[in-house]
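**Student:** Can you read through this structure? Questions will come right after.
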Amino acid sequence: MHLSRPARVALRAVTVVVLAFVYIPLLVVVINSFNPARVAAWPPDGFTVDWWGRAWDNPGARAALWTSVKAAAGATVAALILGTLLSFAVQRHRFFGRETLSLLVVLPIALPGIVTGIALQSAFRFLGVPLSLWTIVVGHATFCIVVVFNNTLARLRRMSRSMEEASMDLGADGLQTFRLVTFPTLRSALLAGALLAFALSFDEIIVTTFTAGAGDQTLPIWIFTNLTRPNQAPVVNVVAVLLVVISVVPIWLAQRLSEGTVRGAGAAAR
Amino acid sequence: MSAQGALRPLSRALWRRPRLKLALLLSAPVGWLVVAYLGSLAVLFASALWSTDSFTGAIVRQPTSDNFTALLRGEVYRAITLRTVALAAGVTLVDVVLAFPVAFFMAKVARGRWRPLLLAAVLTPLWASYLVKAYAWRVMVGAGGVLDWALAPIGLHGPGFGLTAVWLVLSYLWLPYMILPIFAGLDRLPDSLLEASSDLGAHAWRTFRSVILPLTMPAVVAGSIFTFSLTLGDFVAVNIVGGKTQMIGNVIYANVGAANNLPFAAALACVPVVIMLVYLLAARRAGALESL
């Protein structure tokens, strides 16, 4: 499109300003994790790595990190199994309710997270299930299924059935074909889905708030309960930086694995 | 090899009975999504009709419309609902205004290697922890924070904790959800249409109003589904930068936690669900669901 020079310059300027608006707050958290002041004073009047050491030694943060890893690992495994089974069923079979099921898998991320959260909590209370690490895993797996499902489905659509037919013609049975032909083709899509599910679960807070037991703090919950405590503020900054890194790196890896076709950009919408 | 030999009959049986295979594939995911997830939603809506014993705090499972009566009669809840919906509209407006130029620049002006770089720059913060992004703004808008410091030379100060801060922070948090669909919509728009418009004598503003905006409206509506739904349910960002501001999300959260009145929280949760269902139906009529 032919735009005048001032219009182009203006558009570029607005883009730069908006991107700065997006990145400056995150940068401030990173800088503050090296800020020697105990209360978040701005601008910082020095540089220290002291808080990083304190965060490392903080028993609460450590326990929360471990809980988060366990919850994310559990949710990833469950989502991987359920999402893969569902994608095979939807891609390779025709059955009643197929469209509805593809919609239903998106529902946990389409509805506000608070609705999913209290729905699960009501159900757990109704059934008399005590809240624990397991109920966190159930909640997280519910909204992680969709990212595995989308990635696997996209790969299955691109995959040619003739490879599997050739394998069967050469005498392999269904399981051998799956092990030697289907699975290797799917492997990177499954890994990408798993990484996305892990990242999604790792920094989730809203559903977790309603499904976590009193003794189970994930890292986001730990930050949420500690950010108003003045003496914890510097350590919270460090943990926050850690949380961003742990959630962005798997996404970046997943993007590379699936050559930029990662599905579920809307998946973070909860 | 013997294990494989033993599995071969199973493999054959599945091949011969595709319906059995389908049933095996579907049982676990359907069990989870339909029984566990939809079941939970059903319990939620049912419990909106229950009540709590005011002495013991135990849930009384007897249908009553008390919660909804309290909700509809209560002046406070009406005000909170209106405030939340107005905020959702305000956040959506800010995001459309900010997202349009950025998406347009990405789709129609940037060339070559800049496009994927810009796309990555918009996508990455989408995945960075939501909580940390909200927390970052606590440092930005708080007293003596970055905004106070940056605005001091021109004699202004930051908004402090309150409704304005919530508006700012939620607009910030959901901005990528608006940029991406608008970018996709503009990317699909053929350049030839814009050229035709300018050949017919329309200047940039007229082209925007008569060609670009009508054709990207479904994308804008798709983005607004995210900004609306996310704002209606939020309580974390509101807690972090909102000061004493009350939103639907906070009131639900307070009723589940401190007030221990799950039935009333369930009734309150119906408010965002109903608003979103109406919104989704309207969006479908506008043909925006395909742009999601």
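**Student:** Averaging sequence separations of C-alpha pairs under 8 Å and six or more residues apart, then dividing by the length of chain B, give the relative contact order as a whole percent.
**Tutor:** About 24 percent, as a whole number.
**Student:** Same structure again: Using the C-alpha gyration tensor of the stretch B:166-229, what are the square roots of 5 times its eigenvalues, in whole angstrom, with the largest one first?
**Tutor:** Computed over the stretch B:166-229, the values are 28, 12, 9 Å.
**Student:** To continue, here is another question. Semi-axes of the equivalent ellipsoid of the stretch A:34-131: what are they in whole Å, largest first, if each equals the square root of 5 times a C-alpha gyration tensor eigenvalue?
**Tutor:** 43, 18, 16
**Student:** Give the separation of the Cα centroids, the stretch B:47-69 to the stretch B:183-216, in Å.
**Tutor:** So the two Cα centres are separated by 56 Å.
**Student:** For the protein assembly as shown, with only Lys/Arg (+1) and Asp/Glu (-1) charged at the beta-carbon, what is the dipole magnitude about the Cα centre, in debye rounded to 20?
**Tutor:** About 1200 debye.
**Student:** Ignoring everything except DSSP H segments at least 4 long, calculate the 222 nm mean residue ellipticity for the protein assembly as shown; use -39,500 (n - 2.57) per segment, divide by total residues, nearest 500.
**Tutor:** -23000 deg cm²/dmol
**Student:** Along the charge dipole of the protein assembly as shown, which of A:152, A:212, B:252 sits closest to the positive end, that is, farthest toward it, with unit charges on the beta carbon of Lys, Arg, Asp and Glu (+1, +1, -1, -1)?
**Tutor:** Farthest towards the positive pole: A:152.
**Student:** Helix check for chain A. Which DSSP H runs span at least 24 Å along their own axis by Cα, with a mean Kyte-Doolittle hydropathy no less than -1.0? Intermediate results must be reported in sequence, preceding the final value.
**Tutor:** Values: long enough: A:5-32 (40 Å, 1.78); A:59-92 (49 Å, 0.97); A:133-158 (37 Å, 1.00); A:183-202 (27 Å, 1.57); A:233-257 (37 Å, 2.04).
Span-like helices in chain A: A:5-32, A:59-92, A:133-158, A:183-202, A:233-257.
**Student:** Further question on the same structure: R0 = 35 Å: FRET efficiency of residue B:75 with residue B:217, Cβ-based, nearest 0.05? Could the numbers behind the result be given before it?
**Tutor:** Numbers: r = 36 Å, r/R0 = 1.04.
It comes to 0.45.
**Student:** Name the residue from B:203, B:76, B:185 whose Cα lies farthest towards the positive end of the charge dipole of chain B, charges +1 on Cβ of Lys and Arg and -1 on Cβ of Asp and Glu.
**Tutor:** Among B:203, B:76, B:185, the one farthest towards the positive end of the dipole of chain B is B:185.
**Student:** For chain B, what are the DSSP H helices with axial Cα length of 27 Å or more and mean Kyte-Doolittle hydropathy of at least 0.5? Please list the in-between numbers first.
**Tutor:** Values: long enough: B:75-104 (43 Å, 1.47); B:163-188 (37 Å, 1.34); B:213-233 (30 Å, 1.50); B:262-285 (34 Å, 1.87).
Span-like helices in chain B: B:75-104, B:163-188, B:213-233, B:262-285.
**Student:** Please report how far the C-alpha centroid of the stretch B:120-168 lies from that of the stretch B:10-27, rounded to the nearest whole angstrom.
**Tutor:** The stretch B:120-168 and the stretch B:10-27 have Cα centres spaced 55 Å from each other.
**Student:** When chain A is modelled as a GNM with alpha-carbon springs shorter than 10 Å, which of A:150, A:237, A:58 fluctuates the most?
**Tutor:** Of the options given, A:58 has the highest mean-square fluctuation.
**Student:** Okay, next question. Using only Cα atoms, locate the centre of the stretch A:29-91 and the centre of the stretch A:175-223, then give the distance between them in Å, rounded to an integer.
**Tutor:** 15
**Student:** Turning to a different aspect of this structure: Got the relative contact order for the stretch B:173-225 handy, in percent, Cα pairs under 8 Å and 6 or more residues apart?
**Tutor:** Contact order relative to length: 58 percent.
**Student:** Could you work out how far apart the two model spin labels at residue B:274 and residue B:206 are, taking each label as a point 7 Å from the Cα in the direction of the beta carbon, and quote it in nm?
**Tutor:** In this crude spin-label approximation the distance works out to 4.7 nm.
**Student:** Of the candidates A:139, A:215, A:83, which one comes out as most mobile in a Gaussian network treatment of chain A with C-alpha springs shorter than 10 Å?
**Tutor:** A:215
**Student:** A further question on this structure: Over the C-alpha atoms of the stretch A:85-244, what are the Rg and the largest Cα-to-Cα span, Dmax, in Å?
**Tutor:** Rg, Dmax (Cα atoms, Å): 20.3, 69.
**Student:** Roughly speaking, what % of Cα-Cα pairs in the protein assembly as shown are separated by over 44 Å, rounded to a whole number? List each step's numbers first, then the result.
**Tutor:** On the way: 33642 of 157641 pairs.
Here the tail beyond 44 Å accounts for 21 percent of pairs.
**Student:** Rank A:79, A:93, A:103 by how far each Cα sits towards the positive end of the charge dipole of the stretch A:49-150 (+1 on Lys, Arg Cβ; -1 on Asp, Glu Cβ) and give me just the farthest.
**Tutor:** Farthest towards the positive pole: A:93.
**Student:** Which three extents, in angstrom, do the Cα atoms of chain A have along their principal axes, listed largest first?
**Tutor:** 72, 66, 33
**Student:** What aspartates and glutamates does residue A:70 reach when the alpha-carbon gap must be under 16 Å and sequence neighbours fewer than 8 apart in one chain are set aside?
**Tutor:** A:203, A:204, A:216
**Student:** Mind ranking A:140, B:157, A:93 by accessible surface for me, highest first, 1.4 Å probe? Could the numbers behind the result be given before it?
**Tutor:** On the way: A:140 5, B:157 140, A:93 25 Å².
My answer, sorted largest first, is B:157, A:93, A:140.
**Student:** Near residue B:244, which lysines are there with a Cα under 26 Å away, not counting those fewer than 8 places off in the same chain?
**Tutor:** B:133
**Student:** Could I ask something else about it? Given the alpha-carbon gyration tensor of the stretch B:1-72, what are the semi-axes of its equivalent ellipsoid in whole angstrom, ordered largest first, with each equal to the square root of 5 times an eigenvalue?
**Tutor:** Working: eigenvalues 504, 36, 10 Å².
Equivalent-ellipsoid dimensions as semi-axes: 50, 13, 7 Å.
**Student:** Looking at chain A as a GNM with Cα springs under 10 Å, which of A:16, A:239, A:207 has the largest mean-square fluctuation?
**Tutor:** Of the options given, A:16 has the highest mean-square fluctuation.
**Student:** About the Cα centre of the stretch B:1-159, what is the dipole size in debye to 20, counting +1 per Lys and Arg Cβ and -1 per Asp and Glu Cβ, all else neutral?
**Tutor:** So the magnitude is around 1280 debye.
**Student:** To continue, here is another question. With contacts defined as alpha carbon pairs under 8 Å and 6 or more residues apart, what's the relative contact order of the stretch B:40-147 in percent?
**Tutor:** Relative contact order for the stretch B:40-147 comes out at 10 percent.
**Student:** How large is the Rg to Rh ratio of chain B when both quantities use alpha carbon positions and Rh follows Kirkwood?
**Tutor:** Rounded to two decimals, Rg/Rh equals 1.09.
**Student:** At 0.36 nm per residue, and after removing the present C-alpha to C-alpha distance, how many nm does the segment from residue B:35 to residue B:23 gain when stretched out fully? Numbers along the way, then the final one.
**Tutor:** On the way: separation 12, 0.36 × 12 = 4.32 nm, distance 1.54 nm.
Here the answer is 2.8 nm.
**Student:** If you stretched the chain out fully between residue A:160 and residue A:185, how much longer would it get, using 0.36 nm times the residue separation minus the C-alpha to C-alpha distance? Before the final figure, lay out each step's value.
**Tutor:** Numbers: separation 25, 0.36 × 25 = 9.00 nm, distance 1.01 nm.
Using 0.36 nm per residue and subtracting the Cα-Cα distance, I get 8.0 nm.
**Student:** Place a +1 charge on the Cβ of each Lys and Arg in chain B and a -1 charge on the Cβ of each Asp and Glu, then give the dipole magnitude about the Cα centre in debye, rounded to the nearest 20.
**Tutor:** 1160
The values are calculated or read from the model by the stated rules, or taken from the named source; none is laboratory data. Please read all numbers here as calculations on a predicted model, not as lab measurements. In this analysis, Cβ positions are derived from the backbone assuming ideal geometry, glycine residues included, and neighbour counts consider all displayed protein chains. Note: areas computed on protein heavy atoms with side chains; ligands, DNA, RNA excluded. Shrake-Rupley method; radii C 1.70, N 1.55, O 1.52, S 1.80 Å.
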